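Take a look at the structure below.
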Amino acid sequence: MGGIGKTTLAEAVYEEMSQNFESRCFLQNFNPDADYRDLSIKFVEYTQYNPLALKVLGCQLYNKGRVYWESEMDNLKEYIEPDIYKILKTSFDGLDEQEKNIFLDIAIFFKGEPKENVEKILSNCYNGAESSIRNLIDKCLLNITPLPISLRDMLEIRSKFLKRKAEEIASSPSRGALDDRRSSFLDEIPQCISMHDMVELMGKDIVRKEFRVPRKRSRLWNPNEVKQVLKYNKGTEWIVGIKLDMSQIDFYFPPFIGKQRKKKLHADQVGDVSLPDELRLLCWEYYPFKSLSLSFDPKNLVVLKLPHGDVQQLWNEDDHQDLINLRKIVLTNCKNLKKIPNLLGAVNLEILCFNGCNSLVELPGFSGLASLKTLQLHGCYNLKKFPELPNDVSFLDLAETGIEEVPDSIEHIAGLETLLLTK
């Protein structure tokens, strides 16, 4: 007999707790196999009716046979005191090695980030990352939720949706009308990857228990631990990622992990900071240096975000042409940024954001960036010349710039849907 899982467990919950539900009808159609009812009740009692524990257990037991259920109950009985952490940990222990690593990466670095961005970054680190993420969702360790967006973005999504629907109906009235009943513009709101706070805490606890000393752990995020590792250059080859909140760090640090040990240096004593070439995501608010390190090769970089930084240029014009993996550059409010380097090697680049870079006076040609969809230059008031763009750019923000005239060539930008030019 095949296993059932979610239905049986849910029915047991209903039987035990129905008096607490406002609506009694949502599970009344379930008719679980009697062979599983006794085990279902045991699982419910063990979890002490904790909804998150029941959800995770339901995913874990789904489509499994009775023998598996009995084995899982025996495993839980090893813990004298019922503990939600232990229940969640059994689900984590059942993952393969890649799924475990992706789960820990998301718990520490990517919770709440756009799903598409996370998939692109992790796909550059793991083969089959998207499949692993789907498995984590199926096991209820991850959730997919709508990304919080502004009303302006919401209206833009709705406008695009209605425009496309109108085109579909015009080309095929019967099919377009049918599709219109089956979908909503809300379905097109970008999604983010999230997880329950208790699941996040479990992930962080797993990393903490790897080693007693932070420098030997795989991932660092605690500001004090990060500070100590960087201050004394204690980083080791075990560290695969660091999340650094600069608002909680009272100093800038010398060359990065893995380099020769040096004494503590402040930002005004050095010209750059050494970074590992393996970086996929570089997000550093208030970046204190004038450029990225001359020794840094961004060939693996997927996302580069240096908002509010002191950067004047990213790199020399002739350097770092291998940008094949780069998808997004955000240099918002970098007041000293004067020049953007040649980005011709960034054939997969989709988003460029230079909002508030009021020292920016010129741009390179972007016409060769075939994947570019979004260019934001809001508040670059010293920028006078309309940028050269590829034909598929869909969003262009030139509001509060020095650009006063739109060239006739804009009519060739067939993909352009939004153009902002307000003063």
Unmet criterion (only one of (1) at pLDDT below 75; (2) loosely packed, with under 13 Cβ neighbours inside 10 Å) for residue 153: (2)
Which numbered condition residue 153 misses (of (1) among the charged types (D, E, K, R); (2) within 30 Å of residue 43 (Cβ to Cβ); (3) out of contact with any Cys (no Cβ under 8 Å at 6 or more places or on another chain)): (2)
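Based on this model, can you work out whether residue 291 counts as within 30 Å of residue 232 (Cβ to Cβ), part of a loop (DSSP other than H, G, I, E, B), open to solvent by 20 Å² or more (accessible area, probe 1.4 Å) and at pLDDT 85 or above?
Yes: the conditions hold for residue 291.
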Residues of the stretch 90-137 that turn out to be in contact (Cβ under 8 Å) with a residue 40 or more places away in the chain and charged (D, E, K, R), as a count: 6
Residues located in the stretch 303-331, provided they are out of contact with any strand residue (DSSP E or B) (no Cβ under 6 Å at 6 or more places or on another chain) and among the β-branched types (Val, Ile, Thr): 311, 324
Positions within the stretch 37-54 being in contact with a Lys or Arg (Cβ under 9 Å, 6 or more places away or on another chain) and at pLDDT 75 or above, in sequence order: 39
Selected residue [under 11 Å from the mean Cα position of the chain (by Cα), buried (at least 17 other Cβ atoms within 10 Å of the Cβ) and part of a helix (DSSP H, G or I)] from 121, 102, 133: 121
Top-ranked residue in the stretch 127-149 [being touching an Asp or Glu at 6+ places or on another chain (Cβ under 9 Å) and not hydrophobic (A, V, I, L, M, F, W, C); ranked as farthest from residue 304 (Cα to Cα)]: 139
Any chance residue 314 is of a type outside the set (Ser, Thr, Tyr), closer than 22 Å to residue 121 by Cβ and in a loop (DSSP other than H, G, I, E, B): yes
Complete set of residues in the stretch 326-342 that are among the hydrophobic types (A, V, I, L, M, F, W, C) and open to solvent by less than 10 Å² (accessible area, probe 1.4 Å): 326, 329, 331, 334, 337, 340
Residues of the stretch 343-384 that turn out to be open to solvent by less than 10 Å² (accessible area, probe 1.4 Å) and more than 16 Å from residue 397 (Cα to Cα), as a count: 4
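Rundown of residues vs (1) among the acidic types (Asp, Glu); (2) open to solvent by less than 40 Å² (accessible area, probe 1.4 Å); (3) touching a Gly at 6+ places or on another chain (Cβ under 7 Å), yes/no style:
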site: 63; (1), (2), (3): no, no, yes
site: 68; (1), (2), (3): no, no, yes
site: 75; (1), (2), (3): no, no, no
site: 87; (1), (2), (3): no, yes, no
site: 108; (1), (2), (3): no, yes, yes
site: 128; (1), (2), (3): no, no, no
site: 139; (1), (2), (3): no, no, no
site: 144; (1), (2), (3): no, no, no
Subset of the stretch 397-423 that is open to solvent by less than 50 Å² (accessible area, probe 1.4 Å) and part of a strand (DSSP E or B) - its residue that is nearest to residue 382 (Cα to Cα): 397
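Yes or no, residue by residue, for (1) within 30 Å of residue 52 (Cα to Cα); (2) modelled with pLDDT of 70 or more; (3) open to solvent by 40 Å² or more (accessible area, probe 1.4 Å):
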residue	(1), (2), (3)
159	no, yes, yes
167	no, yes, yes
182	no, no, yes
188	yes, yes, yes
194	yes, yes, no
210	yes, yes, yes
233	no, no, no
238	no, yes, yes
242	yes, yes, yes
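The values are calculated or read from the model by the stated rules, or taken from the named source; none is laboratory data. As the structure is a computational prediction, the values presented were derived from the model and not from experiment. A quick note on method: Cβ atoms are made from the backbone with ideal geometry, for glycine too, and the neighbour counts reach across all protein chains shown. We work out accessible area using only protein heavy atoms, side chains counted, and drop any ligands, DNA or RNA first. Shrake-Rupley method; radii C 1.70, N 1.55, O 1.52, S 1.80 Å.
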